[in-house]
Amino acid sequence: MTALGAPREKGTTEGDAVASACARCAAATPSNAFVALLPPAPGGRFPFAVKDMADVAGHAPTYGLAHPQGSPRAASAPVIGLLEAAGGRAVALAQMTPLAFDPSGDNRWQGRPLNPWNTDRICGGSSSGSAVAVALGAVPLALGSDTAGSLRIPAHCCGVLSWKATAGLIPLDGVLTLAPTLDTLGFLGIDADWLDSAAAVFAPVIAARPQRIGLATDLLDTCDADVATAFRTAADQAQTSSTTTEVALAPLIAATDGPVLDLLIGESARSLAHLPEAEADPLFAKRLAKGRALPDAHLAACRDQLRAAEAMAADIFADCDALLLPAMPCATPTIAACDPQAPGFSGRTLYRLSAFTRFANGLGLPVVTFPIGLDANGMPVAAQLVGPRGSDRALIAGVRHLMADIPRPPEYKHPSRKEPHA
């Protein structure tokens, strides 16, 4: 039996964990993590939240916009069906940034989910509500998406774990399409066991942890001092139990970054053209117009560039099983630094949030993000473990091995993995 069955094995009655999560979600509504609370189907062994971009039967997703988009769906997306078949029950629709774009977690229509560590700091996006819901302990697991860092950025900001799946591993049918070359689904979770339980639904073969870890220390010169210090500590811990080597990752990031950014804006302009509400908003209208101006031939050339960069990645993975690097080069910024209407706004800060995440989407690589310490402001700092395609569960096993205790928000008691229903 997978770990999803653990609560049932410990003597709980079916549905206890789900009912408890429903109560926790209701208590967490002031956090603005949720668009709606759901009456779950009877039974089930584990609760999860759903980013409000996936079809859920009986509901119309908002995609982070002001109104529901279309009619209530007759059926749920296949990813949800697979989770339900494994004993899962969706208990809430989680907030997201409009059309899965903003990496800070802002939502000018529905409001910003509040980071439980510090409400003056961003929660990260675009899987913002999913991360806040897990950080608050409302749910042990939340479905999210990742096109350029949308799982990993909020995992860093909110001090939780995330798993971005290998491209194509989790079905994307019934989920908002943003940039098909880059789009991936995944999960935020309270610990590695919960992530592995979710991964087992889509990749049932257990994998051993990576033994050879490449340390991307060449990126540290561009990091904030607090982030670099936390990463060096994590790297030192990895050296005690794994074979480690220093890897130059910056050239691969440089080779993929331009194509990824152009594909993000170009493909999304084509994918979102059917949403009148996006075209009616001045900010999105400008962004979509810029994307439409990129010719199809240019986007095809970008895809060719990413395919060529796969050889660079293969050379790196010839010498290591996984790469360890910071999730973000910067400490979690203030809301003011990421708000274009605020005096302290910095466009460079918004750009930096995804500086270390975008390359993995361009190459379709799986990534597990996990907390490695706190910065000088008392906010969590995270690292990423990145592997070749198909190494998803090996990465999760590696993170389980590497992790020390997960830091928790002040005055907050997190539910443990072994008692997720408590």
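The values are calculated or read from the model by the stated rules, or taken from the named source; none is laboratory data. Note that this is a predicted model, so its numbers are computed, not measured. Here Cβ is always computed from backbone atoms with ideal geometry, including for glycine, and neighbour counts include all displayed protein chains. Calculation scope for accessible area: heavy atoms of the full protein, side chains included, ligands and nucleic acids excluded. Shrake-Rupley method; radii C 1.70, N 1.55, O 1.52, S 1.80 Å.
Counting only heavy atoms of protein chains, what accessible area per residue, in Å², does the chain have with a probe of 1.4 Å?
36
Considering all alpha-carbon pairs of the chain, what whole percent are spaced by more than 34 angstrom?
Pairs farther apart than 34 Å: 23 percent.
I need the calculated FRET efficiency for the pair residue 289 and residue 232, taking r as the beta carbon distance and R₀ as 45 Å, to the nearest 0.05.
It comes to 0.55.
Straight-line reach from residue 286: which aspartates and glutamates have Cα under 14 Å away, leaving out those fewer than 8 places along the same chain?
Partners found: 277.
All other residues with a Cβ under 10 Å from the Cβ of residue 62 taken together, and with Lys, Arg as +1 and Asp, Glu as -1, what is their net charge?
Result for the local shell: -2.
Highest first, please rank the peptides 72-79, 386-393 by the mean number of other Cβ atoms sitting within 10 Å of their residues.
Result, highest mean first: 386-393, 72-79.
So what are the three principal axis dimensions of segment 147-193 from its Cα atoms, in whole Å, longest to shortest?
Cα spread of segment 147-193 along its principal axes, largest to smallest: 28, 20, 16 Å.
Check residue 374: other-chain or 5+ apart residues with amide H under 5 Å from its amide H, H built from backbone geometry?
Amide H to amide H, under 5 Å and 5 or more residues apart or across chains, residue 374 pairs with 381.
Tell me, what % of the accessible area of the chain is carbon and sulfur with a 1.4 angstrom probe?
That share works out to 56 percent.
Could you pull out every residue, at least 5 positions away or on a different chain, whose amide H is within less than 5 Å of the one on residue 390? Hs are placed 1.01 Å off N in the peptide plane, and Pro or chain starts have none.
Here the answer is 166, since their amide H atoms fall under 5 Å of that of residue 390.
Taking the Cα-to-Cβ direction at residue 342 and at residue 218 and moving 7 Å from each Cα, how far apart do the two end points lie in nm?
3.5
What residues qualify as long-range amide H neighbours of residue 97, i.e. H under 5 Å apart, gap of 5 or more or another chain, H built at 1.01 Å from N?
The answer is 128.
If you plug each phi of segment 75-92 into the Karplus form 6.51 cos²θ - 1.76 cosθ + 1.60 with θ = phi - 60°, what whole-Hz ³J(HN,Hα) values come out, in order, with x for Gly and Pro?
With coefficients 6.51, -1.76 and 1.60, one gets 9, 7, 4, x, 4, 6, x, 5, 5, 5, 5, 8, x, x, 9, 6, 10, 7 Hz.
For segment 68-121 and segment 296-311, what is the centre-to-centre distance using only Cα atoms, to the nearest Å?
If you average the Cα positions of each part, the centres end up 31 Å apart.
When the Kirkwood radius is taken over all Cα pairs of segment 336-378, what Stokes-Einstein diffusion coefficient follows at 37 °C and 0.692 mPa s, in µm²/s?
Reported coefficient: 255 µm²/s.
Order the following by accessible area, largest value first: 246, 84. Probe radius 1.4 Å; ligands, DNA and RNA are ignored.
Greatest to least solvent exposure: 246, 84.
Step through the residues of segment 334-344 one at a time and calculate ³J(HN,Hα) from phi using the Karplus curve (6.51 cos²θ - 1.76 cosθ + 1.60, θ = phi - 60°), rounding each to whole Hz and writing x for Gly and Pro.
6, 4, 4, 5, 10, 9, x, 8, 8, x, x
Among DSSP bridges having both ends in the chain, what percentage is antiparallel? Round to the nearest 5.
In the chain, approximately 65 percent of DSSP beta bridges are antiparallel ones.
Enumerate the calculated ³J(HN,Hα) couplings along segment 153-162 in order (Karplus 6.51 cos²θ - 1.76 cosθ + 1.60, θ = phi - 60°), each rounded to whole Hz, writing x wherever the residue is Gly or Pro.
Karplus values, whole Hz, x for Gly and Pro: 5, x, 4, 4, 5, 9, x, 10, 9, 9.
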